[in-house]
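Here's the structure, in structure tokens; my notes come after.
None of the figures in this text is laboratory data; all of them are computed from the coordinates on show. Treat the numbers as computed from the prediction; the structure is a model and nothing was measured. Neighbour counts run over all protein chains shown; Cβ positions are idealised from the backbone, glycine included.
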Amino acid sequence: ATDTATAVAHPNIALIKYWGKRDERLILPRTDSLSMTLDIFPTTTRVHLAPGADHDEVTLGGTPAEGEARRRIVTFLDLVRERSGVADRAVVDTENTVPTGAGLASSASGFAALAVAAAAAYGLDLEAIALSRLARRGSGSASRSLFGDFVVWHAGRETGTDEEADLSSYAEPVPTGPLDPALVVAVVNAGPKDVSSRAAMRRTVDTSPLYEPWALSSKGDLAEMRRALGRGDLEAVGEIAERNALGMHATMLAARPAVRYMSPASLTVLDSVLQLRRDGVAAYATMDAGPNVKVLCRAADADRVADTVRAAAQGGAVHIARPGPGARLLTE
Ligand code: DP6
């Protein structure tokens, strides 16, 4: 055992979305979700135990964390302290390589890296599936960044004790046929700060008449997605991902009051994706809790897709990602 550990994790983008919780404290989702881990923009987190200190010291890119960001990290460390029986406070340093405004959820790579580093520093000996359960408590989507390539996060059982529910909701790798995919991230210039995904999904579940139908159809999407991935059918994977994401945005548009993350520039990029398809390029869009558009395509088409969406994104940056690795401990 050592009292210092450093871990690295990459972001993931959901092809079948996580949108809605059934338990906010345990972060248990309403539906299963499925993602691709990216090979760009890793987060590196170092956790160092500080015996005798009376508070946690948390920095993000060298700057002390404040407010909600700090509160979530300290709450997560409290959970690790409770599990390990080690009460020490910690020094946590996080370096995020996501460019500002890229809109790639840094909470997924962030809590995946924190889970791996904190578990090691506090002496919890957990395998990857158990670490995915732990990361889930920081941010739901972080559970999927424990693994590389394609990953499913099980919603888990809805009956039984809290402990049974907690144990049943974890992520694991999804086997795929030959796919060779790329994900082109089109950064669309964002307006004023949006509603957080946490608040937006709560409002959607509580008020949107479209939420239940989407959650139900998402089950079918997941089953079809697994089959499409298994046979390496990129067109089917893309079609299912696109309808699942647009459906999720429809649930938000129907919330009261509406949550709208799409901007005019997002729609312009979505149009360019349709045009690519008319031109015979397999390209499919997905969007999360922000205006950026991520386009799934074949790696061989990625440069062409990037050029097209760059022109449509009106000056926004474009990044090409391939499937990336799961979270791991760095040996010091
Ligand atoms: C739209 O994992 O950020 O990106 O569990 O409240 O931390 P919390 O939410 P978070 O939500 C991600 C929502 C999404 C879809 C997805 O990644 O599946």
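Below is a table of values for the structure above.
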item: Per-pair calculated FRET efficiency, R0 = 35 Å: residue 224 and residue 126 via Cβ, rounded to 0.05; result: 0.60
item: Simple spin-label estimate for residue 158 and residue 300 in nanometres, 7 Å along Cα-Cβ; result: 4.4
item: Rotationally averaged projected area of the chain (alpha carbon convex hull; nm²); result: 16.5
item: For the range 16-23, 3J(HN,Hα) per residue [Karplus equation, 6.51 cos²θ - 1.76 cosθ + 1.60, θ = phi - 60°, Hz, x = Gly/Pro]; result: 10, 7, 8, 8, x, 10, 9, 9
item: Estimated dipole of the chain in Debye, rounded to 20 [Cβ of Lys and Arg +1, of Asp and Glu -1, Cα centre]; result: 780
item: Distance between modelled label sites at residue 59 and residue 189, nm, 7 Å Cα→Cβ extension; result: 3.3
item: Max mean-square fluctuation residue, GNM over the chain, Cα-Cα springs under 10 Å, options 180, 279, 206; result: 279
item: Peptides 125-132, 56-63 ordered by average Cβ neighbours within 10 Å, highest first; result: 125-132, 56-63
item: Furthest towards positive pole of dipole, 320, 305, 249, structure part the chain, Cβ charges; result: 249
item: In degrees, nearest ten, helix 234-253 long axis to first principal axis of the chain (Cα); result: 80
item: Segment residue 212-residue 307, extension gain: residue separation times 0.36 nm, minus the distance between their alpha carbons; result: 30.4 nm
item: Residue-wise HN-Hα coupling along the range 40-50, computed from phi with Karplus coefficients 6.51, -1.76, 1.60 (Hz; x: Gly, Pro); result: 10, 6, x, 10, 10, 10, 10, 10, 10, 6, 10
item: Using θ = phi - 60° and Karplus 6.51 cos²θ - 1.76 cosθ + 1.60, couplings along the range 205-218 (whole Hz; Gly, Pro as x); result: 4, 6, 10, 8, x, 8, 5, 4, x, 5, 4, 5, 5, 5
item: Rounded tilt (10° steps) of 264-278 against the dominant C-alpha axis of the chain; result: 60
